[in-house]
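Working notes, beginning with the structure itself.
The values are calculated or read from the model by the stated rules, or taken from the named source; none is laboratory data. Because the structure is a prediction, the values reported are computed rather than measured. Quick reminder, even Gly has a Cβ in these numbers, built from the backbone with ideal geometry, and neighbours come from all protein chains shown. Only protein heavy atoms, including side chains, enter the accessible area calculation; ligands, DNA and RNA are left aside. Shrake-Rupley method; radii C 1.70, N 1.55, O 1.52, S 1.80 Å.
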Amino acid sequence: MSSTVGTGTHLDPLRLDGVVEYPAEFAARYREKGYWIGQTHAALLAEAVAAHPDRLAVVDPRRTVTYARLAERVQVVAAEFAARGIGRGDRVVVHLPNTVEYVEVVFALFEIGALPVFALAAHRSAEIRQFCSAASTSGYVTVDTFGLTSYAGTAAEIAAEFPDIATVVIPLGDESWAGREPLPRAERSLPSDVAFLQLSGGTTGTPKLIPRTHDDYLYSVRESARICGIDATSVMLAVLPISHNFTMSSPGLLGMIAVGGCVVMAPDPSPDTCLRLIEAHAVTHAALVPPVLMAWLNSSARAERDISSLVAVWVGGAKLPEEAARRVAPELGCMLTQVFGMAEGLVNYTRAGDDDETIHTTQGRPISPDDEVRVVDDAGVPVADGVAGHLQTRGPYTIRGYYCAPEHNRRSFTADGFYATGDIVVRDPRGYLTVVGRSKDQINRGGEKIAPAMVENHLLAHREIHDVSVVGVPDDALGERICAYVIRRDPESGSPTASQLRAFLRAERRVAAYTIPDRFEFVTEFPTTSVGKIDKKSQGA
Ligand code: AMP
Ligand code: DBH
């Protein structure tokens, strides 16, 4: 852990082992073209505070802060973290629900030059433990309880297992550490530094962390804000988990801060909660995954609420069926923007001026003229427009490698630095992409990404399981659900049962609920391909 918080006068670039940097000639080009403007996240907030001190910044059911108040609170929380020994370059797992506190904590970490590691509120000790190890963290921040969910058990487990990390449990509702002397504002990061570690949905048994620099990320944020047409009068409802890359940056919380807009935190994504909040706060924008959009479209609460303030919904994270896309304008009375993005970088949007066909059937085109998109066949040879192939991409806000994962990087990145996304897409001659499939071993459960290997590892820890194969199966509501094919050690025994396995994963393995299989199938052997590998495609069919 760093012992001091720097003053910002003489900062050397942050040296973080395990980060693959942009090659110098690319970095120079991205600066020259004005994409990387030399802004940090702390500076982004400071600029918003200077321009819009009295505008509302963040609202949740307990607290409301203006930009000026948010900035004051950030310095208090930053002082608290500094007092706990956290400083520049330290990694801190942020495990918070959609609250004002989340914004205070994240910007406090930016203020001291520490790196948030963005866990999802749904994660439990199984995932948190992995992030703490993978990022060699110095701190872990969570809340005591939120709604019906207690985080205290997870905090206790993490504190016991990692005695050297600072575990900070925030009681929600009051302003924490109100008596503390605020840390004086200063720049404690460089724009070229890694700002945080974001999570990838992953395809392996260990989590992949995504190092994003201030410069690259904020370029994507500012352009997202411009493309989506938000300004200081915009009000975004944060429906999905706030730490998800989509809610954070496309254009998300950070985009709203970039323009001086307001973010209203939804405590849950249900239509009852969200439609009420839209009416109450005259919400103009919301980022949604397809199943949440469907729930809103099909909700009877719509008739009881005035949602005429809505200007647009941004929908992404999973493929939006065309029939649902067509319902947005007539039924919600607002525009649809499709968003196809990834925490690794590349984000595509449909544009406000696009024709209906484009908005309903494509996932948009890239943010930047310097987003290089390559669509290739299985042998890596580029295919013609209109032909499905593997999407590879390189550009001014796409990483060159995962954090501390050299071996995995050799598979996920090409020799010339393109990220192999694992998505199968069709590109049209204008550069619009349509997602038609996936080649990576990942389940997309309504926008929540699950690595089958992770679930398989947890199930294999059960004494009565001989072998297991986890696959995605098609589902009308969620796109896919999780199915586990289980070979029992004793096929005659009838044990373990599906409900025993669910309890095992939840109570003993302590995994996030969204990773628990929706369905268990007990089999005596797996379907295999001709080469003897488990045939995940035929299982999922
Ligand atoms: P991650 O890498 O974990 O951030 O997840 C990003 C992945 O989510 C992409 O590579 C796609 O597989 C999927 N995804 C995101 N947005 C869309 C979308 N609009 N349509 C289809 N798939 C999407
Ligand atoms: O699914 C995603 O990861 C995603 C979707 C839309 C994303 O990271 C984004 C926009 O930035």
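Just a few scattered comments:
- Pair list, Cβ under 6 Å, 6 or more apart: the range 341-355 residue farther than 12 Å from Ile399 by Cα, other residue of a type in the set (Lys, Arg) and within 15 Å of ligand 1 (Cβ to nearest atom): Asn348/Arg365
- The selection criterion, being at pLDDT 95 or above, among the aromatic types (Phe, Trp, Tyr), within 16 Å of ligand 2 (Cβ to nearest atom) and in the same structural domain as Glu157 (by TED's automatic domain parsing), does not hold for Tyr432.
- Residue in the range 381-394 that is in contact with a strand residue (DSSP E or B) (Cβ under 8 Å, 6 or more places away or on another chain) and within 30 Å of Thr137 (Cβ to Cβ) present: yes
- Single condition Ala295 does not satisfy, out of (1) more than 13 Å from ligand 2 (Cβ to nearest atom); (2) in a loop (DSSP other than H, G, I, E, B); (3) out of contact with any Asp or Glu (no Cβ under 8 Å at 6 or more places or on another chain): (2)
- Within the range 482-494, residues that are assigned by TED's automatic domain parsing to the domain that holds Glu525 and open to solvent by 60 Å² or more (accessible area, probe 1.4 Å) sit with their Cβ atoms under 6 Å from residues that are assigned to a loop (DSSP other than H, G, I, E, B) and not hydrophobic (A, V, I, L, M, F, W, C), at 6+ positions apart or across chains, in these pairs: Arg489/Glu464; Pro491/Thr524.
- Residue list for the range 418-429, restricted to those being in contact with an Asp or Glu (Cβ under 9 Å, 6 or more places away or on another chain) and open to solvent by 30 Å² or more (accessible area, probe 1.4 Å): Val426, Arg427, Asp428, Pro429
- One residue alone among Ala286, Ala238, Ala232 is under 29 Å from Asp355 (Cβ atoms) and either within 16 Å of ligand 1 (Cβ to nearest atom) or of a type in the set (Gly, Ala, Ser) (or both), and that residue is Ala286.
- From Ser243, Ser224, residue being part of a helix (DSSP H, G or I), within 16 Å of ligand 1 (Cβ to nearest atom) and among the hydroxyl-bearing types (Ser, Thr, Tyr): Ser224
- If the condition is being in a loop (DSSP other than H, G, I, E, B), over 22 Å from Glu127 (Cβ atoms) and within 26 Å of the chain's Cα centre (by Cα), then the range 474-523 contributes Asp476, Ala477.
- Residues that are part of a strand (DSSP E or B), open to solvent by less than 60 Å² (accessible area, probe 1.4 Å) and either more than 16 Å from ligand 1 (Cβ to nearest atom) or more than 26 Å from Val221 (Cα to Cα) (or both) do not occur anywhere in the range 303-315.
- Among all positions in the range 166-173, there is at least one residue which is modelled with pLDDT under 95, surrounded by fewer than 16 Cβ atoms within 10 Å (Cβ to Cβ) and assigned by TED's automatic domain parsing to the domain that holds Arg69.
- When each of Glu279, Glu331 is tested for being more than 20 Å from Ser234 (Cβ to Cβ), assigned to a helix (DSSP H, G or I) and either away from ligand 2 (no atom under 16 Å from the Cβ) or under 18 Å from the mean Cα position of the chain (by Cα) (or both), the lone residue that passes is Glu331.
- Output for the range 216-237, where each listed residue is in contact with a helix residue (DSSP H, G or I) (Cβ under 6 Å, 6 or more places away or on another chain) and open to solvent by 30 Å² or more (accessible area, probe 1.4 Å): Arg222, Asp231
- Residue list for the range 335-372, filter: within 18 Å of Phe26 (Cα to Cα) and not in a strand (DSSP E or B): Glu344, Ile367, Ser368, Pro369, Asp370, Asp371
- Picking from residues in the range 178-199 that are within 16 Å of ligand 2 (Cβ to nearest atom) and either modelled with pLDDT under 95 or hydrophobic (A, V, I, L, M, F, W, C) (or both), the one that is surrounded by the fewest Cβ atoms within 10 Å (Cβ to Cβ) is Leu199.
- Looking across Ala477, Ala461, Ala453, one residue alone is open to solvent by 20 Å² or more (accessible area, probe 1.4 Å), at pLDDT below 95 and farther than 30 Å from Ser192 by Cβ. It is Ala477.
- Subset of the range 313-328 (residues that are more than 13 Å from ligand 2 (Cβ to nearest atom) and either in contact with a Ser or Thr (Cβ under 6 Å, 6 or more places away or on another chain) or not hydrophobic (A, V, I, L, M, F, W, C) (or both)): Pro321, Glu322, Glu323, Arg326, Arg327
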